[in-house]
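Working notes, beginning with the structure itself.
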Amino acid sequence: MHEMSITQGIIDLCLQHAGGRRIKSLEVEIGELSSVVPDAVEFCFEACSRETLLEGAVLVITRIPGKGLCQECGAETHLAELFAACGACGSCQVKITAGEELRVKEIEVVD
């Protein structure tokens, strides 16, 4: 389960930026094409944040839909998987434009 190490990385990043303050909440964006399972991150978060300044923090996960731009017809298309074809023309020449994200968008600390 690589989500455990990903979640630990998220926690480490938040702790670095919190400046020693307790963290109340954090928002994480996870792209639909990132191969990261949001439910697994939520599950791991409770265990990984125990006895840290994130213990009890609210984790908000925003799922970013996969999108691509067809290099053949120019259509923007939804991508549910990495190697999907264009929804308009069926071409496999689709450049991913969104959905691979994995980032901490915001943290809220206690002042």
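Taken together, the values in this text are just the output of simple stated rules run on the coordinates, not laboratory data. Because the structure is a prediction, the values reported are computed rather than measured. Reconstructed Cβ throughout: ideal geometry from the backbone, glycine too, with neighbour counts over all protein chains shown.
Some observations on this one:
- Segment 55-111 shape via C-alpha gyration tensor axes, a/c threshold 1.5: prolate
- Stretchable slack from GLU108 to ASP12, in nm (0.36 nm times residue separation minus alpha-carbon distance): 33.1 nm
- The C-alpha atoms of the chain define a longest principal axis, and helix 3-18 lies at about 60 degrees to it.
- Cβ crowding within 10 Å, taken as a proxy for footprinting-reagent exposure, orders HIS17, HIS2 from fewest neighbours to most as HIS2, HIS17.
- Length, then width, then depth: along the principal axes, the Cα atoms of the chain run 52, 28, 17 Å.
- A simple spin-label model places the labels of ARG21 and VAL60 1.7 nm from each other, with each point 7 Å out along Cα-to-Cβ.
- Within the chain, percent of DSSP bridges classed antiparallel, to nearest 5: 65 percent
- Ranked PHE43, PHE83, criterion: other C-beta atoms within 10 Å, fewest first: PHE83, PHE43
- Around the Cα centre of the chain, unit charges on the Cβ atoms of Lys, Arg, Asp and Glu (plus for the first two, minus for the last two) sum to a dipole of about 160 debye.
- Measuring from each cysteine beta-carbon in the chain, the ones with no other cysteine beta-carbon under 4.7 angstrom are CYS14, CYS44, CYS48, CYS92.
- Sparse-neighbourhood loop sites, trypsin sites (Lys or Arg not before Pro) in segment 1-60 - DSSP loop, at most 16 other Cβ within 10 angstrom: ARG21, ARG22, ARG50
- For the chain, calculated [θ]222 nm from helices alone, where every DSSP H run of n ≥ 4 adds -39500 (n - 2.57): -8000 deg cm²/dmol
- Partners of LYS24 within straight-line reach, counting lysines whose Cα lies under 16 Å from its Cα and excluding those fewer than 8 residues away in the same chain: LYS105.
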